[in-house]
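Engineer: Could you have a look at this structure, given as structure tokens, before my questions?
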Amino acid sequence: MQGDAKGPWTMRRSICFMSLLAAPAAHAQQAPAPQGSGDVVRAADDAFGRRIGIEEVGLYSEGEVRGFDLQSAGNYRIEDHYFVRATGLPLTLQEGTAIRVGANALRTDFAAPSGVVQFDLAKPDPGARATVETGWWGGQGWVVLSRFSAGTRDGSLGVAGGLQYNPSQDYTDGTGGDYIAASVVPRWSPMPGLKLTGMLSRTWFTRGGDTVFATADGLPPPRVLRDIERSQKWMQQRTLATQSGLIAEMDAGHGWRFGASAFISDVDDQRTYFNLIRFPGGGAPAEEISQAFRGERFRSFSAELTAAKGFTTGTLTHRVLVMARRRDSLSRTDPGAALPVVLFPDVDKPVQIAQPAFTVDPRRKRDDVGQWAGGVGYRLSIGDKAELRADVQRAEYTKQVTALDGKVTRETTRPWLYSGSLTGAVTPQLTAFASYARGLEEAGVAPGNAVNRGAVLSATVSRQAELGVKYAIPGGPSLIAGLFDIRKPLPGLNAAGVYEFVGEVRHRGVELSLAGPVTERLSAVLGASYLDAKISGELVDAGVIGSHPIGRPEVIALANLTWRVPEIDGLAIDGGVNFRGERYANRANSTTLPGYAIFQAGLRQRFEVEGKPVTVRARVTNLFDTFVWNANNAGIYQTNGPRAFTLSLTGEI
């Protein structure tokens, strides 16, 4: 499902909605978009995160790396170009996604702490080619996905893209609706050394109202049946999303390289609903507390210019680069219209009511973010023995909030940011690395229950230090081991009810990754992470919150294997397990959610029909139908998906 995509609007509904419950919380909406199939285990070069279609493997995801949300740090790239998203990219636009941390993150220029998410756009092949995939995507429903590409033999001109249709797509909260996506990626090299890439995608989708759970005492809810729509039947959401952009890259010769890019990410939430199923306790029936929203808009523009000069002096290789970036983000939100509370005596037998009359407030709260950044970087390589990297940036970040009553608040921050790393070859196979970085992150706006409601906090500076090693086993997989320490200021309500910086959150951990071919026919992705996540400051000292963040397990581990069967040409069998340890379920740290393991298994058979390649993919996710509650920082709970079967057929036409 697309949309781990959490845009800058993810806090909006909870601040309005949770005020009905007198709780300072937030709900992050997930936008949809199912994905296609691919051999992601063989494609992964580490265990930190790789996605091809609907199949992904890794300790981390596009939305969360090392326990932090990457949206506020702006750590997204499209083919190594700076990108600020309002929502995730659809499958039809991209070839895949990779999470870069540790040794593999050092290749990214001017990166911020936590990690980097890299999106690769669809690429054309020489000649003309088209494929169609159809079938049942487990947990999402029927799908028809067509991909096309056409290109000249010399690669100077080409186009790729796709069209996807999911009738009545299913979501983990039991809702459903139609999903349509269309994308095109043209590529042109008008002269030697110059490459131009464009991108354009539109997605349209409808679905029932977003539905989550909460309890009056903050403890985990009782177990519920999944795949039940608890949203009211007349709650039909409608959203249009657009992604567009242009990339220019030029190798001017004599060591000079230039780059330019500009992207627009836009979400038009024409009609949305939000439902909270609240368990009041004491045997009372569950309450469905709902709000309706109309005409919300989220839009981000991001652009970058780069220039680099490479040269050598004796055995030394140098590269000097300069960068300029611009970002403009708009969030226009509806305060929401409260709907009648519906009582559910049995939460697994939801009660339906007739659509009530309600009035939508014509006013809108508006958040505008403008950011400039300029930087200089230097790279020094001593053959293949060592590399030194250093970056310095000056940023100007301005956030302006226009409240419903027209009151405008504004805050500007101008920090210096810098990063540096050192990589050294201990042996031809063993490399050691160390790095340090400071990054700029958004801190948000004071919620409705704060004394300084609507006040804009200045952007914060996060810090990350890490060191590790990478060992490439000759002819086999690569091993990466690393230590990291990330620190960020923590916003919250102080004892006087003022929303300000009240402490620090620190994530310190160990990562292990082993990925690559074990034998000629067996590929593996194995990984584990230990996270020591702590909160400190006046809220912890006063006993208002616990010293651990919500929903962050100490231990995450995975094991995924793909084996190409020698006796049957084209047949591959795969399987794996993902484990997440115990984690705290509420702000007080008074209870925990148990650890769990999710298993999956599948096979892929490739063959030819009249000389055309055909692939049959069968897969089962959540093999043992494990039930899981997941909690976020707002005290909101969501379930995982039940056991699901995938069966699809992909053929070239």
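The values are calculated or read from the model by the stated rules, or taken from the named source; none is laboratory data. This is a predicted model, so every value here is computed, not measured. Here the Cβ is made from the backbone with ideal geometry for all residues, glycine too, and neighbour counts use every protein chain on show. SASA here: full protein model, heavy atoms, side chains in, ligands and nucleic acids out. Shrake-Rupley method; radii C 1.70, N 1.55, O 1.52, S 1.80 Å.
Engineer: Looking at the stretch 145-162, can you tell me whether even one residue there is aliphatic (A, V, I, L, M) and over 22 Å from Pro90 (Cβ atoms)?
Structural biologist: To start, the set of residues in the stretch 145-162 that are aliphatic (A, V, I, L, M) comprises 145, 150, 157, 159-160.
Imposing the further condition that a residue be over 22 Å from Pro90 (Cβ atoms) reduces the set to 157.
Yes, because at least one residue in the stretch 145-162 is aliphatic (A, V, I, L, M) and over 22 Å from Pro90 (Cβ atoms).
Engineer: Can you tell me which residue among Ala248, Ala262, Ala307, Ala252 is open to solvent by 40 Å² or more (accessible area, probe 1.4 Å), without any contact (Cβ under 8 Å) to a residue 60 or more places away in the chain, small (Gly, Ala, Ser) and in contact with a strand residue (DSSP E or B) (Cβ under 7 Å, 6 or more places away or on another chain)?
Structural biologist: Working: Ala248 fails: open to solvent by 40 Å² or more (accessible area, probe 1.4 Å); Ala262 fails: open to solvent by 40 Å² or more (accessible area, probe 1.4 Å); Ala307 fails: open to solvent by 40 Å² or more (accessible area, probe 1.4 Å).
None of the other options fit; the residue is Ala252.
Engineer: Can you report the number of residues in the stretch 543-570 which are of a type in the set (A, V, I, L, M, F, W, C) and within 21 Å of Gly516 (Cβ to Cβ)? Walk me through it before giving the result.
Structural biologist: Step one: list which residues in the stretch 543-570 are of a type in the set (A, V, I, L, M, F, W, C), which gives 544-545, 550, 555-559, 561, 563, 565, 568.
Subsequent filtering for residues that are within 21 Å of Gly516 (Cβ to Cβ) retains 556-559, 561, 563, 565.
So the answer is 7.
Engineer: Separate question: Test of understanding: among Val351, Val376, Val341, which residue is under 30 Å from Ala307 (Cβ atoms) and open to solvent by 40 Å² or more (accessible area, probe 1.4 Å)?
Structural biologist: Details: Val351 fails: under 30 Å from Ala307 (Cβ atoms); Val341 fails: under 30 Å from Ala307 (Cβ atoms).
Being under 30 Å from Ala307 (Cβ atoms) and open to solvent by 40 Å² or more (accessible area, probe 1.4 Å) holds for just one of Val351, Val376, Val341, which is Val376.
Engineer: Still on this structure: Please determine, by comparing only the residues of the stretch 611-627 that are without any contact (Cβ under 8 Å) to a residue 40 or more places away in the chain and outside any strand (DSSP E or B), which one is most open to solvent (accessible area, probe 1.4 Å).
Structural biologist: The initial filter retains those residues of the stretch 611-627 that are without any contact (Cβ under 8 Å) to a residue 40 or more places away in the chain, namely 611, 613-614, 616, 618, 622-626.
After this cut, where a residue has to be outside any strand (DSSP E or B) as well, the list is 611, 622-626.
On the way: Gly611: 56, Asn622: 8, Leu623: 60, Phe624: 136, Asp625: 52, Thr626: 37 Å².
Looking at residues that are without any contact (Cβ under 8 Å) to a residue 40 or more places away in the chain and outside any strand (DSSP E or B), I get Phe624.
Engineer: For the stretch 67-85, state whether one or more residues are under 14 Å from the mean Cα position of the chain (by Cα), surrounded by fewer than 24 Cβ atoms within 10 Å (Cβ to Cβ) and within 17 Å of Asn578 (Cβ to Cβ).
Structural biologist: Checking the stretch 67-85: at least one residue is under 14 Å from the mean Cα position of the chain (by Cα), surrounded by fewer than 24 Cβ atoms within 10 Å (Cβ to Cβ) and within 17 Å of Asn578 (Cβ to Cβ).
Engineer: Okay, moving on. Identify the single condition in (1) part of a strand (DSSP E or B); (2) within 26 Å of the chain's Cα centre (by Cα); (3) surrounded by 15 or more Cβ atoms within 10 Å (Cβ to Cβ) that Phe645 does not satisfy, given that it satisfies every other one.
Structural biologist: (3)
Engineer: Just to verify a result, which residue in the stretch 292-302, among those that are buried (at least 22 other Cβ atoms within 10 Å of the Cβ) and not hydrophobic (A, V, I, L, M, F, W, C), is nearest to Trp372 (Cα to Cα)? Can you show your working first?
Structural biologist: Of the residues in the stretch 292-302, the ones buried (at least 22 other Cβ atoms within 10 Å of the Cβ) are 293, 296, 298, 300, 302.
If we keep only those that are not hydrophobic (A, V, I, L, M, F, W, C) as well, we get 296, 300, 302.
Numbers: Glu296: 26, Ser300: 14, Ser302: 10 Å.
My answer is Ser302.
Engineer: Could you please find all residues in the stretch 474-519 being open to solvent by 40 Å² or more (accessible area, probe 1.4 Å), within 30 Å of Val565 (Cβ to Cβ), part of a loop (DSSP other than H, G, I, E, B) and in contact (Cβ under 8 Å) with a residue 24 or more places away in the chain?
Structural biologist: Pro474, Gly475, Val518 - these are the residues of the stretch 474-519 that are open to solvent by 40 Å² or more (accessible area, probe 1.4 Å), within 30 Å of Val565 (Cβ to Cβ), part of a loop (DSSP other than H, G, I, E, B) and in contact (Cβ under 8 Å) with a residue 24 or more places away in the chain.
Engineer: Kindly indicate whether any position in the stretch 277-286 is under 23 Å from Lys399 (Cα atoms), open to solvent by less than 10 Å² (accessible area, probe 1.4 Å) and assigned to a strand (DSSP E or B).
Structural biologist: Looking only at the stretch 277-286, we keep the residues that are under 23 Å from Lys399 (Cα atoms), and these are none.
No: the stretch 277-286 contains no residue that is under 23 Å from Lys399 (Cα atoms), open to solvent by less than 10 Å² (accessible area, probe 1.4 Å) and assigned to a strand (DSSP E or B).
Engineer: A further question follows. Could you check the stretch 38-49 and list, in sequence order, the residues that are of a type outside the set (A, V, I, L, M, F, W, C) and buried (at least 24 other Cβ atoms within 10 Å of the Cβ)?
Structural biologist: So the first thing to find is which residues in the stretch 38-49 are of a type outside the set (A, V, I, L, M, F, W, C), and the list is 38-39, 42, 45-46, 49.
Asp46, Gly49, listed by residue number.
Engineer: Can you give me the number of residues within the stretch 206-245 that are hydrophobic (A, V, I, L, M, F, W, C), surrounded by 15 or more Cβ atoms within 10 Å (Cβ to Cβ), farther than 16 Å from Tyr637 by Cα and touching a Lys or Arg at 6+ places or on another chain (Cβ under 8 Å)?
Structural biologist: 1
Engineer: Might you let me know whether the stretch 129-143 holds any residue that is open to solvent by less than 50 Å² (accessible area, probe 1.4 Å), closer than 30 Å to Ala390 by Cα and in contact (Cβ under 8 Å) with a residue 12 or more places away in the chain? Step through it out loud before you land on a result.
Structural biologist: Initial filter on the stretch 129-143 (open to solvent by less than 50 Å² (accessible area, probe 1.4 Å)): 130-133, 135, 137-141, 143.
Right, trim to closer than 30 Å to Ala390 by Cα and you get none.
No - not one qualifying residue is present in the stretch 129-143.
Engineer: Further question on the same structure: Residue check: is Tyr397 hydroxyl-bearing (Ser, Thr, Tyr), open to solvent by 30 Å² or more (accessible area, probe 1.4 Å) and either touching a residue at least 12 places away in the same chain (Cβ under 8 Å) or in contact with a helix residue (DSSP H, G or I) (Cβ under 9 Å, 6 or more places away or on another chain) (or both)?
Structural biologist: Details: hydroxyl-bearing (Ser, Thr, Tyr): yes; open to solvent by 30 Å² or more (accessible area, probe 1.4 Å): no; either touching a residue at least 12 places away in the same chain (Cβ under 8 Å) or in contact with a helix residue (DSSP H, G or I) (Cβ under 9 Å, 6 or more places away or on another chain) (or both): yes.
It is false that Tyr397 is hydroxyl-bearing (Ser, Thr, Tyr), open to solvent by 30 Å² or more (accessible area, probe 1.4 Å) and either touching a residue at least 12 places away in the same chain (Cβ under 8 Å) or in contact with a helix residue (DSSP H, G or I) (Cβ under 9 Å, 6 or more places away or on another chain) (or both).
Engineer: A further question on this structure: Out of all the residues in the stretch 522-546, which are open to solvent by less than 40 Å² (accessible area, probe 1.4 Å) and of a type in the set (S, T, N, Q)? Give the derivation first.
Structural biologist: Taking the stretch 522-546 as the starting set, the residues that turn out to be open to solvent by less than 40 Å² (accessible area, probe 1.4 Å) are 523-525, 527-529, 531-533, 535, 537, 539-540, 545-546.
Passing the criteria: Ser523, Ser529.
Engineer: (1) under 26 Å from Arg643 (Cα atoms); (2) assigned to a strand (DSSP E or B): which one isn't true of Gln243, the others all being true?
Structural biologist: (1)
Engineer: Still on this structure, please answer the following. What is the residue count in the stretch 354-373 for residues that are buried (at least 16 other Cβ atoms within 10 Å of the Cβ) and acidic (Asp, Glu)?
Structural biologist: So the answer is 2.
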